1. How would you rank 191-204, 516-529, highest first, on the average number of other Cβ atoms within 10 Å across their residues?
2. Can you put Trp254, Trp239 in order of Cβ neighbours within 10 angstrom, beginning with the fewest?
3. Neighbour counts of other C-beta atoms within 10 Å: give me Met437, Met1 arranged from fewest to most.
4. Amide H neighbours of Asn135 under 5 Å, at least 5 residues apart or on other chains, H built in the peptide plane: list them.
5. Of Lys260/Lys417; Lys449/Lys484; Lys417/Lys481; Lys449/Lys536; Lys260/Lys484, which pairs sit farther than 21 Å apart, going by alpha carbon to alpha carbon?
6. Arranged by the count of other C-beta atoms within 10 angstrom, fewest first, what order do Ile63, Ile387 take?
Amino acid sequence: MFIIIMILIVAIALPSRNRNISPNLYLRISSLLLLYTGALTLNAFYIQSIGSGIGIYNGLFQITLFTQLFDIVIVLTGSVILIAWPLINHKFIDNNLNLNEKGHNILSINNYRIKYSIIVLISTLGSLLLISSSNLITLYISLELQSFGVYILASLYRHSELAISAGLKYFLLGSLASCIILLGCGLIYSFTGLTNLDSIYSMISVIDNNNILLGFSLGLILIFIGLLFKIAAAPLHNWAPDVYADSATIITTWLTIMPKISILLVLFEIQTHINLIENINIILELNPLNNIINNNTLSFNNSYLWSKNLLLISSLLSLLIGTILGLAQTKIKRLLAYSTISHVGFILLALAINSEQSIEALIFYIIQYTITNLNTFLIIILFGYIIKNSFRDLIQSFMIEDETGTENDINYISELKGQFFLNPVLSITLTICLFSMAGIPPLIGFFSKQFVLYSAIQNGYYFMSIIAIIVSIVSASYYLKIIKILFTEEENTSEYSDKELKIINNLNSKTEIEISSTNSFIISTLTLSILLFVLKPSILLNSTTILSLSLFNF
């Protein structure tokens, strides 16, 4: 990944770049290189010792089957997002409106495509390093490498005031979260004198010093708070709806998926190791041959309960806030932002339980969330280009070049009025994705929620299970609101004057908008995986089961 980034930076800096390499080619090259990285990662599964883990760079990183699997998930998702940049062909038949001669182009975002591909690769590299980090130093550096990439992405369209505002807000609040994480890492190092995570876990499991255990617990809580802040888990979620709504939709697609995957996996790794140590302490405490119960057992159990309760509280608030506040939203990206917060609540619930069943549900939920959310945003991007370039914005584009990249975005849910009658296939695929988010059987989203709720009930979390079921039912209403607008309300043209309607009708007869075959293939594949999961569930379920069993084989 690092070599790829360096080569592309050099290619961009060459003077002949503008003449020989098109901006779309950068996106294609970057996506292919991500696919090649995924192929190399898949080939590493043949290394026998990967199953037990391989420490590289003097133990700074730990490579396991778990990290390799999610390396593949991350690079595949990043590749799809790069490939799926809307390449829509506009054919203007009217010779009197020759936009090429006038120098106007309604998709003039080529420079942003180049920057987007490079920054995406940098952020992806940070994500890959983050989930494999086994040291506090590499964990923080990898987290910042990923974070700087998403900060730049949020404000990539520098001609848009909203995008700049979103990027600045994301940078300031994300930096605050990074400071909290760094403070937690500093506290752990100052009390233990170690930065290697495995060494810290080993030390904590055997040491009998309340001061060190207290410092470790406090540092751990600060790290958890900072990481929860970065994934927009309630009550640390206030920045997310504003940033997601003000950024371009292609940027929001990246922000809602990629950073969350890697950070959730870091939380999972830490919580799993803490759970392992806690279980060992319980075994030692119940051992009849152990006559003396060390104070560190009780002290460490308290720190474990702190982290567990912190995740449960955040899960509860995320479920409630993401559902209740989502009901009042009229902007589609703000609604999806609150939907994301609600989904994070389910993931945190599975993470807090931390049993074999819940970890299997956690892995499954992350994968289905990635597929469903990615497909939803890709469809919304295409809807934006089709709608905006068919009516009023198409007329305005004849005089004004689109420099912000956000003028083709859908902002309000009402803009989807009657799209089923104009674009039935896209409307049906969006409906499938929304039904999956709502947890309607037999779609993949239903099974992910079912697995989380089943593991919660099996482990005695009845209150959380009842809350999760209630919010799932309530949240279905705002998904149905979008579907209702798609299918039952026809496009309202009363806001246009007679002159504008005449121009629109003339342009509709002379304008043809073609969605690229690449986008169509990606959306079709993702939709079929959501829709037909129930017919062939063994591939994904067997993978998650094997991973969860391997993690608890101690």
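None of the figures in this text is laboratory data; all of them are computed from the coordinates on show. For clarity, every value in this text was computed on a predicted model and none was experimentally measured. In this analysis, Cβ positions are derived from the backbone assuming ideal geometry, glycine residues included, and neighbour counts consider all displayed protein chains.
1. Highest mean packing first, the order is 191-204, 516-529.
2. Trp239, Trp254
3. Working: Met437 27, Met1 16.
Least crowded to most crowded, the residues run Met1, Met437.
4. Leu197
5. Exceeds cut-off: Lys260/Lys417; Lys449/Lys484; Lys260/Lys484.
6. The order, fewest Cβ neighbours first, is Ile63, Ile387.
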